[in-house]
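Below: the structure, in structure tokens.
The values are calculated or read from the model by the stated rules, or taken from the named source; none is laboratory data. Computed from a prediction, not measured in an experiment: that's the story for all the values here. Cβ placement follows ideal geometry from the backbone for every residue including glycine, while neighbour counts extend to all protein chains displayed. For the accessible areas, the whole protein counts, side chains as well, though only heavy atoms, and no ligand, DNA or RNA atoms are used. Shrake-Rupley method; radii C 1.70, N 1.55, O 1.52, S 1.80 Å.
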Amino acid sequence: MSLPNISNHTLFPDINRDDLILLVLFSIALEKLGLAHIVNAEAEKIQYITGTLEREIPNMKPSVTDLLNINNAVGRILKGVIENQILLQFKLEEILDYLSLEIHVNTAMVTATYNGETYSDRDSAYYHTKEGG
């Protein structure tokens, strides 16, 4: 089993909105891939203990206690996977909400003269609205 790898991606301080969205979506996909590997491993664990895994057969027939213990262990792992899936769904929904936002900027510039010298300053404020709003 291999681990997810993003070593060929470099983050720059000036990352733009689209890059950020892609990176978050990519991270969600990698997390889901990792969870899929966990589910597959748990399925193989059950197949092994029941003797239905094609490439391996257990040395002895499992007892009812063995089966109950495996069932409980797999259940705990799958509960954790489900909890992570719920968190990933929340993260995905947040990104989808973010995609519907329009980012705006207001910039104000002030120029004043004092004792024959001119001074200028500017400031920007960012805000967002839903599309069409």
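Axis angle, to the nearest 10 degrees, between helix 64-99 and the longest C-alpha principal axis of the chain: 20 degrees.
Relative contact order for the chain using alpha-carbon pairs under 8 Å, separation at least 6, rounded to a whole percent?
Worked out over the chain, it gives 19 percent.
For the stretch 12-65 and the stretch 68-133, compute the distance between their C-alpha centroids and round to whole Å. After rounding, the separation between the Cα centres reads 29 Å.
Within the same chain, aspartates and glutamates fewer than 8 places from Lys91 are excluded, and of the rest, those with a Cα less than 15 Å from its Cα are Glu31, Glu83.
Counting only protein heavy atoms and a probe of 1.4 Å, the accessible surface of the chain is 58% carbon and sulfur. Checking [x] 1.00; [y] 1.11; [z] 1.92 against Cα Rg over 2.2 N^0.38 Å calculated from these atoms, the matching label is [z]. Helix 17-50 and the longest principal axis of the Cα set of the chain meet at an angle near 10°.
Between Thr52 and Ser27, what's the calculated FRET efficiency when r is the beta-carbon distance and R0 is 30 Å? Round to 0.05. So the FRET efficiency works out to roughly 0.30.
Rounded to the nearest 500 deg cm²/dmol, what is the calculated helix-only ellipticity per residue at 222 nm for the chain, with -39500 (n - 2.57) per DSSP H run of length n ≥ 4?
-19500 deg cm²/dmol
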